[in-house]
Amino acid sequence: MSDNKLITVTSPLLPKLDEFHEMLKQIWESKWITNNGSFHKQLEKELAAYLKVPYVSLFTNGTLPLITVLQALHITGEVITTPYSFVATTHALWWNGIKPVFVDIDLSTGNIDPDKIESAITPRTTAIMPVHVYGKPCNTKRIKEIADKYGLKVIYDAAHAFGVEVNGESVLNAGDMSTLSFHATKVYNTIEGGAMVMHDEETKRRIDYLKNFGFHGETEVIAPGINSKMDEMRSAYGILNLRQVDAAIEARHQVAIKYRENLRNVKGITFFDDMPGVKHNYSYFPIFVDAEEYGMTRDELYEKMKAANVYGRRYFYPLISEFSTYRGLESARPENLPNARKMANSVICLPMHHELSDEDINRILKLVLR
Ligand SMILES: *Cc1c(COP(=O)(O)O)cnc(C)c1O
């Protein structure tokens, strides 16, 4: 094998082809290919059990549950959120005619800084939408206290937080609802896919109507819903991937251990350690480059890696608040977001997936170690 083989930031967890074929045969026989079929129902149940949450509603990607949850909770006006995320977080607000209000992050986690939330609340604020960035849990307790004090809803974009637990409890149980993404690049994928997590059966029923045009039975439409149902093929694929996701997460954990061992004493490079009491999913391995101490800028390292066929990704650069749609907002002013800017300007996510070999890891490390 060439020692210059392409190493990408991630690689999708794929079911065994023969097992998937068996399930496809069943779908072909039943001819029930979408609309709450048996694999869809089965995956919702299995995910709820695996994730230790009461109810899961499957979606066709991770952006539509964000858009739908805002509709379901009748969120309007302004919503407090983070600029340090994937752009879909803020787009979901925009698609609902909601004004995003960016609050700076805490450099020790990359998540929204709860201490800066209160000063961003106005009479128009209706909700807080934080993100568990890289799967690192937000300070959910503190965020709940603030939300309760001001009567705000809390919706977590938990796209990175599949399987993450704090002291044995799923982080997905925090807030009014959480959303997940099962995109190919995520720890657990259904090719494209996503889900909403909710606390009670009534909410699940309502969300299930909303993701199917609002249909209740054949002739009644109870609300202006959307179409964001997951089909049977991807539900079956998801059932198979759920059986191997623990092994994939453990393989990622081993990669993180090797990265940390080797990068611990590199001047100018920092990274996150595991948080006490947290079961992590090792979805990403961000490193932060201090150009002065490291003697090379983040972008120089990024380009050097690329030239050696090792593709890291600058998640999350640029900040959402720097995209043209959002740049003009008062809260997007650079002075308002110094920590987010610092992180965005120093981050590289190193390749992280279940199939990285020791040889791959050594090649990556060599580039960072110089
Ligand atoms: C991936 C991601 C999404 C969007 O999910 P899709 O399944 O790609 O639509 C939303 N928010 C965050 C933080 C993400 O990383």
| query | When you count, for each residue, the other Cβ atoms within 10 Å and take the mean per peptide, how do 27-37, 171-181 rank with the highest first? | reply | 171-181, 27-37
| query | Counting only complete DSSP H runs, which helices of the chain cover 27 Å or more along their long axis at the Cα atoms and score a mean Kyte-Doolittle of -0.5 or above? | reply | 232-263
| Given a Förster distance of 41 angstrom, what is the FRET efficiency for Asp290 paired with His199, based on the Cβ-Cβ distance and rounded to 0.05? | 0.45
| query | Got a sec? Charge dipole of the chain, +1 on Cβ for Lys and Arg, -1 for Asp and Glu; which of Ser11, Asn36, Ile143 is way out at the positive end? | reply | Ser11
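Which of the peptides 128-138, 343-353 is most tightly packed, and how do the rest follow, judged by the mean count of other Cβ atoms within 10 Å per residue? It would help to have the intermediate numbers written out before the result.
Working: 128-138: 25.8, 343-353: 21.9.
Packing proxy ranking, top to bottom: 128-138, 343-353.
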| request: Per DSSP H run of n ≥ 4, the term is -39500 (n - 2.57); total these for the chain, divide by its residue number, and report the mean residue ellipticity at 222 nm rounded to 500 deg cm²/dmol. | output: -11000 deg cm²/dmol
| said: If you restrict to DSSP beta bridges whose two residues both lie in the chain, what percentage is antiparallel, to the nearest 5? | reply: 60
| How large is the dipole of segment 244-284 about the Cα centre if only Lys and Arg carry +1 and Asp and Glu carry -1, each at its Cβ, rounded to the nearest 20 debye? | 200
| request: Sort the following peptides by mean Cβ neighbour count (other Cβ atoms within 10 Å, averaged over residues), highest first: 210-217, 228-235. | output: 228-235, 210-217
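Report the charge-dipole magnitude of the chain in Debye, nearest 20, computed about the Cα centre from +1 at each Lys and Arg Cβ and -1 at each Asp and Glu Cβ. Show your work: numbers first, answer last.
Working: 42 positive and 46 negative charges, 83 e Å.
The dipole of the chain has a size of about 400 debye.
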| task | Output the Cα-based Rg and Dmax of the chain in Å, rounding Rg to one decimal and Dmax to a whole number. | result | 20.9, 67
| Do you know the relative contact order of the chain, to the nearest whole percent, from alpha carbon pairs under 8 angstrom that are 6+ apart? | 23
| task | Enumerate the calculated ³J(HN,Hα) couplings along segment 154-167 in order (Karplus 6.51 cos²θ - 1.76 cosθ + 1.60, θ = phi - 60°), each rounded to whole Hz, writing x wherever the residue is Gly or Pro. | result | 10, 10, 8, 7, 9, 3, 9, 9, 4, x, 6, 10, 10, 6
| On alpha-carbon atoms, Rg over Rh for segment 245-369 using Kirkwood Rh? | 1.01
| note | When the charge dipole of the chain is computed with +1 at the Cβ of Lys and Arg and -1 at the Cβ of Asp and Glu, the Cα pointing farthest to the positive end, of Ser357, Asn189, Tyr302, is that of Tyr302
| said: For segment 208-272 and segment 133-151, what is the centre-to-centre distance using only Cα atoms, to the nearest Å? | reply: 21
| said: As a quick test, which of the pairs Lys136/Lys258; Lys279/Lys342; Lys116/Lys141 have an alpha carbon distance above 24 angstrom in this structure? | reply: Lys279/Lys342
| task | Report the one residue of Thr125, Gly225, Val166 whose Cα lies farthest in the direction of the positive end of the charge dipole of the chain (charges on C-beta: Lys and Arg +1, Asp and Glu -1; origin at the Cα centre). | result | Thr125
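Rule-based calculations on the coordinates, nothing more; no lab input. Computed from a predicted model, the values in this text were never measured in an experiment. A quick note on method: Cβ atoms are made from the backbone with ideal geometry, for glycine too, and the neighbour counts reach across all protein chains shown.
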